[in-house]
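Notes follow once the structure below has been shown.
Every read-out reported here was derived from the displayed coordinates using simple, explicitly stated rules and does not represent laboratory data. Just so you know, these numbers come straight off a predicted model, no measurement behind them. Cβ placement follows ideal geometry from the backbone for every residue including glycine, while neighbour counts extend to all protein chains displayed.
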Amino acid sequence: MEVTLLKQHAAEKAVEFVESGMIVGLGHGTTAIWATRKIAELLKSKQLINILAVPCSAQTEAEARQLGIPLTTLESHPAIDLTIDGADEVAPNFNVIKGGGGALLREKIVAQATKREIIVVDESKLSPVIGTKWAVPVEVIPFGYVSQKVYLEGLGAKVSIRQKADGTTFYTDQGNIILDSNFGAISDPTGLAEQLKGRTGIVEHGLFIRLVSDVIVAAASGTRQLQKQP
């Protein structure tokens, strides 16, 4: 089964947990967009009503508006009932790496405001140890960004400045730069997260620790839900 179809299956399975009247976080990326489209479909058919959504990126916001999904903000609704988002790598303890699409700052703000964070992935994103398959995106302000690159390299990472397809520097919705930092398998993600957050100029990182409640995994053999135990 092609990966695109697996992503769609995972996202649409997650939408089954959306109920009328909810405030819903709309994730960013090629998997989460399927959830946004399914929510729009259910709103149009009146199977869902009174939904307000908080998008995690400008791109998601534009698509949601085009689909007719009513939007709100964290300023108006600071508590979100449920968010559906993708991930680049998922460890067995439900820690994940996000930010491959460049929206990690807004995604983490929304995740921290969310009662139930559902991550949707195809089975290729599952990993025995976080960092095994994916570099950690680190969002930094443009001023002095090379000093942040040197700092990350000092922590043992192989660092590359994210670029667009045309070879120019990628900038986030907030106008920041992403340094993709490959630490390899990360034995202490909490400790690494603290080191990254303690550095002035680093705005946010793609380690999402203790934020995920459910993971929906799609495989050729079927779709399954993994739920974190209290």
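Using a cut-off of 26 Å between alpha-carbon atoms, which lysines can reach LYS13, once sequence neighbours fewer than 8 places away in the same chain are excluded?
Partners found: LYS38, LYS44, LYS46, LYS98, LYS108, LYS115, LYS125, LYS133, LYS228.
For THR73 and TYR171, what does the FRET efficiency come to when R0 = 22 Å and r is the distance between their Cβ atoms, rounded to the nearest 0.05?
In this case the efficiency is close to 0.50.
Starting from the Cα of LYS149, draw a straight line to each of the aspartates and glutamates and keep only those under 12 Å, dropping any in the same chain fewer than 8 residues away.
GLU139, ASP180
Return the single residue from GLY206, GLY100, GLY154 with maximal mean-square fluctuation; model: Gaussian network over the chain, springs between Cα atoms under 10 Å.
Ranking GLY206, GLY100, GLY154 by mean-square fluctuation puts GLY154 first.
Among LEU67, ILE130, ILE118, flag the residue with its Cα farthest along the positive direction of the charge dipole of region 30-134, charges on Cβ as +1 for Lys/Arg and -1 for Asp/Glu.
The residue sitting farthest along the positive end of the dipole is LEU67.
In a Gaussian network model over the chain where Cα atoms closer than 10 Å are linked, find which of ALA87, ALA103, ALA220 has the largest mean-square fluctuation.
The residue that fluctuates most here is ALA220.
Using the Karplus equation 6.51 cos²θ - 1.76 cosθ + 1.60 (θ = phi - 60°), what ³J(HN,Hα) coupling, rounded to whole Hz, does each residue of region 183-195 give in order, writing x for Gly and Pro?
The phi angles translate into 8, x, 4, 9, 6, 9, x, 5, x, 5, 4, 5, 5 Hz.
Name the long-range amide H neighbours of VAL136: under 5 Å, sequence gap of 5 or more, or other chain; modelled H, no Pro or chain starts.
So VAL136 has HN proximity to SER181, ASN182, PHE183.
For the chain, what proportion of DSSP beta bridges, expressed in % and rounded to the nearest 5, is antiparallel? Write down the numbers at each step before the final one.
Values: 24 of 43 bridges.
Antiparallel bridges: around 55 percent, rounded to the nearest 5.
What residues qualify as long-range amide H neighbours of ASP122, i.e. H under 5 Å apart, gap of 5 or more or another chain, H built at 1.01 Å from N?
Sorted by chain and number, the residues that satisfy this are ALA218.
Would you mind pulling out the separation of the Cα centroids of region 115-154 and region 168-211, in Å?
Using only Cα atoms to place each centre, the spacing works out to 5 Å.
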